[in-house]
Amino acid sequence: GDSVTQTEGLVTLTKGLPVMLNCTYQTTYSPFLFWYVQHLNEAPKLLLKSSTDNKRTEHQGFYATLHKSSSSFHLQKSSVQLSDSALYFCALSDLPYGSSGNKLIFGIGTLLSVKP
Amino acid sequence: DMKVTQMPRYLIKRMGENVLLECGQDMSHETMYWYRQDPGLGLQLIYISYDVDSNSEGDIPKGYRVSRKKREHFSLILDSAKTNQTSVYFCASSFPLGENTLYFGAGTRLSVL
């Protein structure tokens, strides 16, 4: 079945360094991938999304490129800030784009902790 | 203002008691969801509702039921709560077609003692 894998449970970095959070997926359909971010005691919020192969999508300094050849959608940022400390979820839409009733399959999340 | 509102935010119940978690949205979204979040397990889908009285089980429906009598309102009910239902519960809503962006509420932290 469809699945999303996030290999790192916790990533700890010093402010100003680059980060990459891994996300790979399995699906039988054309993939639509998402990154959601959840700050402490807050609701998850959409960070960015993509269904276009090999096109970089960006938001709030974060970026990701969907690579269908490697089934990956890694999240990156060139210089992390203290405010980036949060839980990051990768998610996959489980039915073809435009389908009624599709739902998201979430990875288990990666906690990013940024130190001064 | 696009908003998903959950009530209550915090709840403590004893094992065997009934629990009602409520969720409202002001975006006229047809589709609504209930998730629970546990450390190391991420977000697990309990139920999905496609519209009024049109509900489907998610991945972990056992021990839960839902009610949707108005499009803007979706309730999660735990009949005779169990200690393993201690969790943070999130409601979300979305349009049914398109890219399926979810809008989440702030969550309800439920402790079952």
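None of the figures in this text is laboratory data; all of them are computed from the coordinates on show. Quantities reported herein were computed from a predicted structural model and do not represent experimental measurements. So basically every Cβ, Gly included, is an ideal-geometry build from the backbone, and we count neighbours across all protein chains shown.
For chain A, the gyration tensor built on C-alpha atoms gives a prolate shape. Its axis ratio a/c (a ≥ b ≥ c) is at least 1.5, and a/b is the larger of a/b and b/c.
Radius of gyration (Cα atoms) of chain B, expressed as a multiple of 2.2 N^0.38 Å: 1.00. Taking trypsin sites (Lys or Arg not before Pro) across the range B:1-60, the ones in a DSSP loop with at most 12 further Cβ atoms lying within 10 angstrom of their Cβ are B:K3, B:R9, B:R14.
The trypsin sites (Lys or Arg not before Pro) of the range A:49-96 that meet both conditions, a loop assignment by DSSP and at most 13 other Cβ atoms within 10 Å of the site Cβ, are A:K55. Near A:L47, the amide H atoms lying under 5 Å from its own belong to A:W35, A:Y36, A:V37; only residues 5 or more places off or on other chains count, and H is placed 1.01 Å from N. Taken about its Cα centre, chain B carries a charge dipole of about 480 debye when Lys and Arg each add +1 at the Cβ and Asp and Glu each add -1 at the Cβ. Electrostatic bookkeeping for B:P8 treats Lys and Arg as +1 and Asp and Glu as -1; over the other residues with beta carbon under 12 Å from its beta carbon, the sum is +2. Near A:S78: Cβ cut-off under 13 Å, other residues only, Lys/Arg at +1 and Asp/Glu at -1. The net charge is +1. Each 5 Å bin from 0 upward holds the following percent of the Cα-Cα pairs of the protein assembly as shown: 1, 7, 14, 18, 19, 16, 12, 8, 4, 1, 0. When both bridge partners sit in chain A, DSSP labels roughly 85% of those beta bridges antiparallel.
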